[in-house]
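The values are calculated or read from the model by the stated rules, or taken from the named source; none is laboratory data. Keep in mind that this is a model prediction, so the values were computed, not measured. All Cβ positions, glycine included, derive from the backbone under ideal geometry; neighbour counts span all protein chains shown.
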Amino acid sequence: MSDEKHPNLTTADGAPIGRQHALTAGPRGPVLLQDVALLEQMQHFNRERIPERVVHAKGSGAYGTFTVTGDITRWTKADIFSEVGKQTACFLRFSTVAGERGAADAERDVRGFAVKFYTNEGNWDLVGNNTPVFFVRDPYKFQNFIHTQKREPRSNLRSDDMQWDFWSMCPESLHQVTILFSDRGIPATYRHMNGYGSHTYSFINREGERVWCKFHFKTNQGIRCLSDEQAGAIIARDRESHQRDLFTAIERGEYPSWTLKVQIMTQEQADEWSARTGWNPFDLTKVWPHGDFPLIEVGVLELNRNPENYFAEVEQAAFKPSAMVPGIGPSPDKMLQARLMSYADTHLHRLGVNHHQIPVNRPRCPVMHYMRDGQGATAEGYGGSPNYWPNSLDGTPQPNEEYSDPAWDLGRAIVDRYDSTVDHDDYTQAKNLFRLLDEDHRDRLATRIAGVLSNARQEVQMRQLCHFFRCDEEYGSRVAQKMGLDEGAIRQHAHA
Ligand code: NDP
């Protein structure tokens, strides 16, 4: 007898199952091929895993609410920011970058900070990190950089030599490397760290005017970090420390929140600032100093609901910078331009062409287009409606001129493969950060770097130490001393 407390066990097609024992010829077997419910269970089990993400494989996620507290409608017509007090549902996935799905949470690594806002005009994904910059600025280097963070092909081990070889060949990484080996390199929990959109994006207002912007999520829990010793002790007993912290905090009703702030730069300011500093506002290895471009408060993001099923909602969550909405657009940032394609592409591979129909990814507003079919199509929302355009039928979706973006003046751009390593200042912003750190913090930074750089080949050590000296004499000298090396010779070489 089935009742509410004990509903019928069924096959995946919904047929009630009488007895859950293998169907055999005689009590001792063999098992018959016609036990289709057993076959179904085994076949489903064999397919329980999907390819893990190549990067950001280990993650934690939660649903929340974004509430507007500051008016930025003079810069953007994005519906999500249309009035103070407006609330929009969102989903946030945190992650580590390099480790596989079974890796420990409390490792020294950059953290992913990816938000999906379910706005009235489509999903807006802001796919950022807990750092405002990144290691490289040319997309050709991205996949290569990730290889250095993963396993060495022959030994299947992670390799300090491989990592420092790459970093020492790419001095644009120095700013991000300094953040990574600073105290903020191991956040205590996902709740106690900031998030950044990192790239420069554009805002477009109702008048069709475009400005450049950057996004900052400041934690309201305060910054908290772990030392290597603390992290080691945590990992020894708990590989899921960040997942556990986030999940249990939300279960307790202790909802973490972040204040969203933006920096705004007009094209005139971009021209003036570039000329003054020599920095490119679209270079992902650079921040916009707060003194030049102050933070403007926009709203508060609160996480207040755990997913019901980790696999369905967190593992299948698909974030892509190309999910933009009217009023928010890209910038010329070369890394962003590449990610616009790359992230959407990986979801096609990992989740399939209809990943938008998975509930966690599904927009909460009407979706109407002429794309059809493919693996996993549910046809919800379009049923038997026409699958071609233009058409002369009523009730079919049509483009609306109101939503077209203003033209983008690129001047007399010359198409070429520009070398992004020449004439770039890779040192000043890393130096500015180093100068922010107090005496003890500088010592810890140098100790950590020396600990891992010592494992690299001597040639790699020398090349990287020269970068520290070029960035800041004290930075170079501290790391060289910790490594027990003759700093005078390296200093001379660095400035030769
Ligand atoms: P400010 O003094 O105005 O800001 C310093 C920033 O550094 C603050 O946002 C602070 O974050 C952050 N910070 C402090 N310690 C660390 C750390 N160990 N790792 C990463 N960030 C840290 O200076 P400027 O805007 O002139 O920038 C100076 C340097 O600060 C930059 O070169 C950059 O390295 C760093 N920075 C700048 C940011 C920006 O957008 N301008 C953003 C983040 C870092 P918090 O307020 O949360 O404590």
Go through the stretch 13-60 residue by residue and tally those that are surrounded by 12 or more Cβ atoms within 10 Å (Cβ to Cβ) and on the phi > 0 side of the Ramachandran plot.
1
Looking only at residues that are under 21 Å from the mean Cα position of the chain (by Cα) and not in a strand (DSSP E or B) in the stretch 296-308, which one is farthest from the ligand (Cβ to nearest atom)?
Pro307
Residue that is nearest to Gly253 (Cα to Cα) [pool: residues in the stretch 274-299 that are surrounded by 20 or more Cβ atoms within 10 Å (Cβ to Cβ) and of a type in the set (Val, Ile, Thr)]
Val298
Can you tell me which residue among Pro289, Pro256 is within 14 Å of the ligand (Cβ to nearest atom) and either modelled with pLDDT of 95 or more or of a type outside the set (A, V, I, L, M) (or both)?
Pro289
If I ask for residues that are touching a residue at least 40 places away in the same chain (Cβ under 8 Å) and closer than 23 Å to Asp109 by Cβ, which ones from the stretch 469-482 would you list?
Cys471, Tyr475
All but one of (1) within 30 Å of His356 (Cβ to Cβ); (2) without any contact (Cβ under 8 Å) to a residue 24 or more places away in the chain; (3) among the charged types (D, E, K, R); (4) outside any helix (DSSP H, G or I) hold for Asp405; which doesn't?
(2)
Glu207, sole failed condition from (1) touching a strand residue (DSSP E or B) at 6+ places or on another chain (Cβ under 7 Å); (2) more than 11 Å from the ligand (Cβ to nearest atom)
(1)
For the stretch 111-135, the count of residues that are within 16 Å of the ligand (Cβ to nearest atom) and either in contact with a helix residue (DSSP H, G or I) (Cβ under 9 Å, 6 or more places away or on another chain) or polar (S, T, N, Q) (or both) equals 8
When both residues are 6+ apart or on different chains and their Cβ atoms are under 9 Å apart, which pairs have a first residue that lies in the stretch 418-445 and is of a type in the set (Val, Ile, Thr), and a second that is within 14 Å of the ligand (Cβ to nearest atom) and assigned to a loop (DSSP other than H, G, I, E, B)?
Thr428/Trp279
Of the listed residues (Ser173, Ser227), the one being within 16 Å of the ligand (Cβ to nearest atom) and surrounded by 21 or more Cβ atoms within 10 Å (Cβ to Cβ) is Ser173
